[in-house]
Amino acid sequence: MALINVNDVSLGYEGKPIVKNLNFSVNKGDYLCIVGENGSGKSTLMKTLLGQKNVLSGKIEYSEGLKQTEIGYLPQQTEVQKDFPASVKEIVLSGCLNGCGIRPFYSKSQKAAASENMKKLGIAELSARCYRELSGGQQQRVLLARALCATKKLILLDEPAAGLDPVVTQNLYKIIKEINDDGITVIMVSHDMEAAMKYASHILHICHKPLFFGKKEDYAVTDVCCQFTDGGEEK
Amino acid sequence: MIEQLFNYFSYPFVKYALTAGVLIALCAALLGVSLVLKRYSMIGDGLSHVAFGAIAVATVCGAAPMTVALPITVVAAVILLGINSNKKIKGDAAIAMISVGALALGYLLLNIFSASSNVSGDVCTTLFGSTSILTLSKTDVILCLALTAVVILVFVLFYHKIFAVTFDETFASATGTNTKAINTMIAIVTAVVIVLAMNLVGALLISALIIFPALSAMRIFKSFLSVIISSAVISVICAVTGILIAILYGTPVGSTIVAADIAAFLICTLFGKISKRS
């Protein structure tokens, strides 16, 4: 059964739709890449999937057992975080918060999970370091580790490679692929067509209306894809 | 000088002032870290003006200042922190608007209706808290103690949630933490601390009490927990130093505490720069 079912959804601000007639579904273990130009509604769709925004019309169904507290999220970095005094460990651990409920403190198993995820992303030795002193790639891995702490089923990534250099970016994509191979469903908003075609299993291309949804093998032969990737190269 | 100090300590009002001062400084510093990091530095200023307006209303109506100021300030705090999330009026503009509005209306009311012969003196006392901390009664101190206990308890119990909401509200809310409830709680506690602190440093200088220790601590320390603890320690030290100097040399208590906070900030900045270089 599909993890998320999006039925004829319109999204927008103050009643004005940005994206119309969205129909797609995400199955367990999928790696969905959402691509499209700036302002095409990718981030709005992301916010809606996360329950931060309501749909204008249509319906998003989450399959049974997928609760808000089981979704991990890698947001774009905010201004506030750039000079935030916090250690890597504090930040990663804060991903476990949704498992706490009304309990005020973290349990032993949550702390173990946090160090497990730090090891997985190769930031264990940074655990006592200050977040604001890390490089962009390291910061992104910290936030990814936090997202992993928050989820066991689904992870949403909002342009994870923004502002990173090519080597770090490739590393990050590899890590995300590994996470996906571990059975966690990935939904990623991205500008990077090349990476999307390389790693994703499904592509959703939106530009105010859905232009394409399906497997990436089918996407590669469409006109939409050719135009989009060519257009990207011309720049 | 030490002898003179010991002499002063035999007076209960000095003990009360010190106790209350330390407690308020502690609360303000705890909250300050989160408020500064959330870019709400001006909220202390804004809310203190609201409290000033409320106290003016209370004075005019002949009601007890605290019983009027506390609920009004709490409501204002919840509204201010709520406005930021709907973005029609930006947070800083909203704070400035409410702050200036309440200040003006409060002064206007006092001027028109005041029974006192020395209006500007009253206003000055409320704004700069010139002597009120030296005139605290035992009940005031006990009230202070109780409220501080509540603030610290809230802070310990919700520490991790406050951290999550401060560091990344979107993430916290997207992964299922009730950020609205946490924000409202922070707003309420802030309002309570500000109304409390008005007794100590007066409405105008509360911002300093909230901002300075947090900023000082951030110059040196690098994890959230250490920043919070050291900010509390710095704040308490500055409050004690300020009050003692004020008593010894007869300077205004509020301004002296803030001067101590500024000094601490400069020292911390210097220390931070040196330790970064080495």
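The values are calculated or read from the model by the stated rules, or taken from the named source; none is laboratory data. This structure is a prediction, so every number in the text was calculated from the model and none was measured. Cβ coordinates were reconstructed from backbone atoms using ideal geometry, including for glycine residues, and neighbour counts include every protein chain displayed. Accessible surface areas use protein heavy atoms only, side chains included; no ligands, DNA or RNA. Shrake-Rupley method; radii C 1.70, N 1.55, O 1.52, S 1.80 Å.
State which residue is surrounded by the most Cβ atoms within 10 Å (Cβ to Cβ) when the search covers only the stretch B:137-187 and only residues that are small (Gly, Ala, Ser) and within 13 Å of chain A (Cβ to nearest Cβ). The qualifying residue surrounded by the most Cβ atoms within 10 Å (Cβ to Cβ) is B:ALA164. Count of the stretch B:34-90 residues, restricted to those that are assigned to a helix (DSSP H, G or I), at pLDDT below 85 and within 14 Å of chain A (Cβ to nearest Cβ), is 3.
Scan the stretch B:2-57 for residues that are over 23 Å from B:PHE163 (Cα atoms) and among the aromatic types (Phe, Trp, Tyr) and jot them down. Once the filter is applied, which keeps residues that are over 23 Å from B:PHE163 (Cα atoms) and among the aromatic types (Phe, Trp, Tyr), the stretch B:2-57 yields B:PHE6, B:TYR8, B:PHE9, B:TYR11, B:PHE13, B:TYR16, B:PHE52. Only residues that are open to solvent by less than 20 Å² (accessible area, probe 1.4 Å) and either polar (S, T, N, Q) or without any contact (Cβ under 8 Å) to a residue 12 or more places away in the chain (or both) were counted in the stretch A:1-20, giving 1.
Residues that are in contact with a helix residue (DSSP H, G or I) (Cβ under 7 Å, 6 or more places away or on another chain) and more than 14 Å from chain B (Cβ to nearest Cβ) were ranked within the stretch A:142-170; the one that is most open to solvent (accessible area, probe 1.4 Å) is A:GLY163. Scanning the stretch B:202-237 for residues that are within 11 Å of another protein chain (Cβ to nearest Cβ), polar (S, T, N, Q) and either in contact with a Leu (Cβ under 6 Å, 6 or more places away or on another chain) or open to solvent by less than 10 Å² (accessible area, probe 1.4 Å) (or both) yields one hit, B:SER231. B:GLY250 meets each of the listed conditions (1) over 30 Å from A:VAL92 (Cα atoms); (2) touching a Gly at 6+ places or on another chain (Cβ under 8 Å); (3) not aliphatic (A, V, I, L, M) apart from (2). None of B:THR190, B:THR251, B:THR241, B:THR256 is over 20 Å from B:GLY46 (Cβ atoms) and open to solvent by less than 50 Å² (accessible area, probe 1.4 Å) except B:THR256. All conditions in (1) at pLDDT 80 or above; (2) open to solvent by 20 Å² or more (accessible area, probe 1.4 Å) hold for A:LEU50, with the sole exception of (2). Among the residues making up the stretch B:1-28, those that are in contact (Cβ under 8 Å) with a residue 12 or more places away in the chain and β-branched (Val, Ile, Thr) are B:VAL14, B:THR19, B:VAL22, B:ILE24.
Give me the residue from the stretch A:78-95 that is in a helix (DSSP H, G or I) and at pLDDT below 85 and, out of that set, farthest from the other protein chains (Cβ to nearest Cβ). Even if it seems obvious, please write down each step before you answer.
Taking the stretch A:78-95 as the starting set, the residues that turn out to be in a helix (DSSP H, G or I) are A:79-82, A:88-95.
Still in the list and also at pLDDT below 85: A:79-82.
Details: A:GLU79: 8, A:VAL80: 6, A:GLN81: 7, A:LYS82: 11 Å.
My answer is A:LYS82.
Looking across the stretch B:18-71 at every residue that is more than 16 Å from the chain's Cα centre (by Cα) and among the hydroxyl-bearing types (Ser, Thr, Tyr), the one that is surrounded by the most Cβ atoms within 10 Å (Cβ to Cβ) is identified as B:THR59. Residue-level check: of (1) open to solvent by less than 10 Å² (accessible area, probe 1.4 Å); (2) more than 12 Å from chain A (Cβ to nearest Cβ); (3) of a type outside the set (Lys, Arg), B:MET198 misses just (1).
Within the stretch A:197-235, the only residue that satisfies the criterion of being at pLDDT 80 or above and in contact with a Ser or Thr (Cβ under 7 Å, 6 or more places away or on another chain) is A:ILE206.
Just checking, does the stretch A:21-30 include any residue being open to solvent by 70 Å² or more (accessible area, probe 1.4 Å), more than 12 Å from chain B (Cβ to nearest Cβ), at positive phi and not in a helix (DSSP H, G or I)? Spell out the reasoning first.
Applying the first criterion (open to solvent by 70 Å² or more (accessible area, probe 1.4 Å)) to the stretch A:21-30 yields A:21, A:23, A:28.
From what's left, more than 12 Å from chain B (Cβ to nearest Cβ): A:21, A:23, A:28.
Remaining after also requiring at positive phi: A:21.
Of the ones still in play, those that are also not in a helix (DSSP H, G or I) are A:21.
Checked the stretch A:21-30: at least one residue is open to solvent by 70 Å² or more (accessible area, probe 1.4 Å), more than 12 Å from chain B (Cβ to nearest Cβ), at positive phi and not in a helix (DSSP H, G or I).
Here A:CYS100 fulfils each of the conditions (1) at pLDDT 80 or above; (2) within 14 Å of another protein chain (Cβ to nearest Cβ); (3) buried (at least 17 other Cβ atoms within 10 Å of the Cβ) apart from (1).
All conditions but one from (1) hydrophobic (A, V, I, L, M, F, W, C); (2) at the interface with chain B (Cβ under 10 Å from one of its Cβ atoms); (3) touching a residue at least 40 places away in the same chain (Cβ under 8 Å) apply to A:PHE105; the one that does not is (3). Number of residues in the stretch A:46-77 that are part of a loop (DSSP other than H, G, I, E, B), more than 7 Å from chain B (Cβ to nearest Cβ) and closer than 23 Å to B:ARG39 by Cα equals 2.
Across the stretch A:181-208, the number of residues qualifying as under 19 Å from A:LEU164 (Cβ atoms) and open to solvent by less than 40 Å² (accessible area, probe 1.4 Å) comes to 9.
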